[in-house]
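**Q** I'd like to ask you about the structure that follows.
Read-outs throughout are calculated quantities, based only on the coordinates presented, and are distinct from any laboratory measurement. From a predicted model like this one, the values you see are computed outputs, not experimental measurements. Virtual Cβ from ideal backbone geometry, glycine too; neighbours counted across all protein chains shown.
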Amino acid sequence: MNRQLPVAEPRAVRRAALGLLRLDGRAFAAVLTLNALAAAAALAGPWLLGRIIDTVRRHGGTAAVDRLALGVLVFALAQLLLARSARYLAHRFGERTAARIREGFLDRAFALPTAVVERAGTGDLTARGTADVEAVATTLRDVGPELFIAGLQVLLILVVVLAVNPLLGGCGLLGLLAVWGVTRWYLNRAREAYLAEGAANSVLAEVLAATAAGARTVEALGLQQRRLAACHEAVEACRRTRTRTLFLRSVLFPVVDVAYAVPVAAVLLLGGILNAHGVVSVGTVVASALYLRQLADPVLAVLFQVEQVQSSSASFARIEGLARPAAQAAPGGAAPADDRIEVAGASYAYDGGPDVLHGVDLTVRPGERLAVVGPSGAGKSTLGRLLAGIEAPHTGTVTVGGVPVAELGPEQLRRQVVLVTQEQHIFLGTVRENLLLAAPTAGEAQLRAALAVVGADWVAELPAGLETELGPTGYRPDGAQAQQLALARVVLADPHTLILDEATALLDPATARHAERALAAVLDGRTVIAIAHRLHTAHDADRVAVLADGRLAELGTHDQLVADGGAYAALWDSWHGTHGTHGTHGTHETAAGAAS
Ligand code: ADP
């Protein structure tokens, strides 16, 4: 039932990446320029060394050698300074851009429709907001610039080494092909092998933890042998995957080490022969060898970091995927004309599944108490979600005052309809901040009045009153208090209609007594649609809507429906027979094990 959040297309990712670079274009250009200059400065060293050797052999005099040596020093210093400043700027650029990505991600996450987040689960969203953003930030800060420097160095060195001596250069480059080849071979296999190793580690940890945690059960049921076998299997999988990655490394590293030396050795050999025939100078041979030696590092860096860039562009695609959620909110749309809620021909299906609501027609009268009953799976909670604007029907309409409920922005929606469930959330922050979420402009008196309505006297007794910090490090409200704060928010939002899902609302016996009273005060004067999982709610309601298999089967007052002798009457009879004479309340569900 979990559906992953969307992932952006490669084109969108490229466009977004370019957009980010453009936002900080000058810093990025400065990073590139400094890096290019640093790479160029690095090229001077070998050439100057070659010149020194030739000068010495020609007995060109110490003054000339000194000048050349000074040149080596100056260029080395210049390279150091340029590379350092480039790095510094790149870090600042990377952190600024990462901050932009994080902020943008938060904005998008907040804009997601509730239903989308619910369906995707918070795990996916959290992973994107943390690990993925971090991966992209690292790439921007470290890998990107390094890759750029390495690529540029490779290019420049290639040009220079061929310019110094095409024959020597070409011969050296052939040797480097081995590095290229073996590294590609390694990279093509490494990703999968390391993923498998990681997965095997997770499985092993899971198996061990589960065995330890369930030790008594394992003992009681005599499952020792089976658990042992599972552990053996997990350990064996670990061994296998680790051997595989070890093998990959044991091929890569020796080959790379040798491959480093081969081009240099080849150039020295060939250079020696050519020099003996007077074709090239010793200086040229040394310069060529040094350049080739310099080339190996950036080549490897490019090969490894391309991998990193690929994986972080996957992360970026996951972050960018949030940009285009199934946007529903139409802020500034039409305002509802009145408080009337109408369901007309509404059908709904979850994620391309079969319809779970079929053409439901229902007019809720302002101010009435309407109970929705029916067997488990009949679609009661789904209807509640449509009425609360969490989902929109795929055909038909659910409107308040003529406007589709699902199209109302959050500000407008909460003044019309609020869904009340047991899942109240306390937000980090003060009591006041928790309350202001529902009514940002509410004054002191309004906040106190709302707390009084729900009977939350305890707030006034807290040392810091409304300014008390809530949460793990501050005051921790118990279940009943949390429920009261949630209800106080409802009072502040002041919607004309409440949807009450009893499957999840107020069933905790410890909090029930307190909360029932607070709830009664909140319901007062509002239209209430109760998704009733307990029949006494239906008995007390003005009208009862009976859902069966996603269809509205019956609609009328309790007395009418009992007199009609239909599905509701049958339900009522069975409940009344078992419970009515004892006068018990509130535990009999309209059907066992409500799935909502
Ligand atoms: P009720 O509240 O009457 O028990 P629901 O509205 O929860 O019924 O469920 C109606 C139907 O929709 C059931 O068949 C249920 O399996 C299905 N359903 C409910 N929630 C989901 C969901 N998130 N994804 C897919 N199917 C769902």
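**Q** Sort the following peptides by mean Cβ neighbour count (other Cβ atoms within 10 Å, averaged over residues), highest first: 294-306, 479-491.
**A** Packing order, densest peptide first, comes out as 479-491, 294-306.
**Q** Further question on the same structure: Divide, for segment 13-327, the radius of gyration over alpha carbons by 2.2 N^0.38 Å, where N is the residue count.
**A** 1.37
**Q** For segment 382-470, just the Cα atoms, rotate onto the principal axes and tell me the three extents in Å, largest first.
**A** So the extents along the principal axes, rounded to whole Å, are 53, 24, 21.
**Q** One-quarter of the Cα convex hull surface for the chain, in nm²?
**A** That works out to 39.9 nm².
**Q** Report, to the nearest 10°, how far helix 479-493 tilts away from the longest principal axis of the Cα atoms in the chain, using its own Cα long axis and a range of 0 to 90°.
**A** Compared with the principal axis, the helix lies near 90 degrees.
**Q** Still on this model: What trypsin sites (Lys or Arg not before Pro) in segment 40-146 are in a loop by DSSP, with at most 14 other Cβ atoms within 10 Å of the Cβ?
**A** R58
**Q** Be a star and scan segment 242-258 for residues whose amide nitrogen sits under 18 Å from the point 7 Å along the Cα-to-Cβ vector of A314.
**A** 245
**Q** I want the local charge near G565. Using Cβ-Cβ distances under 13 Å, sum +1 for each Lys or Arg and -1 for each Asp or Glu among the other residues.
**A** Here the charged neighbours net out to -4.
**Q** Provide the gained length on full extension for the span A349 to E461, in nm with one decimal, where the gain is 0.36 nm per separating residue minus the Cα-Cα distance.
**A** Going from the current span to full extension adds 35.5 nm.
**Q** Mind listing the phi-derived Karplus ³J(HN,Hα) values for segment 162-177, rounded to whole Hz, using 6.51, -1.76 and 1.60 with θ = phi - 60°, and x for any glycine or proline?
**A** These are the phi-based 3J(HN,Hα) values: 6, 6, 4, 6, x, 5, 4, x, x, 5, x, 4, 4, x, 5, 4 Hz.
**Q** Follow-up question, since we're still on this one. Mind checking segment 336-382 for trypsin sites (Lys or Arg not before Pro) that DSSP puts in a loop (not H, G, I, E or B) and that have at most 14 other Cβ atoms within 10 Å?
**A** none
**Q** Mind ranking 279-286, 458-465 by how tightly packed they are, going by the mean number of other C-beta atoms within 10 angstrom, highest first?
**A** The densest-packed peptide leads the list: 279-286, 458-465.
**Q** Roughly how tilted is helix 567-579, in degrees to the nearest 10 and between 0 and 90, from the longest Cα axis of the chain?
**A** On a 0 to 90 degree scale, this one is about 80.
**Q** What residues have an amide H closer than 5 Å to that of V420, excluding those fewer than 5 places away on the same chain, when H is modeled at 1.01 Å from N in the peptide plane?
**A** Close amide H contacts, sequence-distant or interchain: I499, L500, D501.
**Q** Dimensions of segment 202-327 along principal axes (Cα, Å, largest first)?
**A** Principal-axis extents of segment 202-327 (Cα, largest first): 88, 51, 14 Å.
**Q** Could you work out the per residue convex hull volume over the alpha carbons of segment 247-307, in cubic angstrom?
**A** Residue-normalised Cα hull volume stands at 65 Å³.
**Q** DSSP beta bridges in the chain, what fraction antiparallel, as a percent rounded to 5?
**A** Expressed as a percentage, antiparallel bridges in the chain total about 55.
**Q** Where in segment 67-132 are there chymotrypsin sites (Phe, Trp or Tyr not before Pro) that are in a DSSP coil and have at most 16 other Cβ atoms within 10 angstrom of their Cβ?
**A** Here no chymotrypsin sites (Phe, Trp or Tyr not before Pro) fit, given the DSSP loop and packing criteria.
**Q** Net charge within 15 Å of V74 by Cβ-Cβ distance, Lys/Arg positive one each and Asp/Glu negative one each, not counting V74 itself?
**A** Spelling it out: positives minus negatives among the neighbours equals +1.
**Q** Around E342, under 13 Å between beta carbons, what's the net of Lys plus Arg minus Asp minus Glu among the other residues?
**A** Combined, the nearby Lys, Arg, Asp and Glu give -1.
**Q** Hey, another quick one. Once phi is turned into ³J(HN,Hα) by the Karplus curve 6.51 cos²θ - 1.76 cosθ + 1.60 with θ = phi - 60°, what whole-Hz value does each residue of segment 259-270 show in order, with x for glycine and proline?
**A** 4, 4, 7, 4, x, 5, 4, 4, 5, 5, 5, 5
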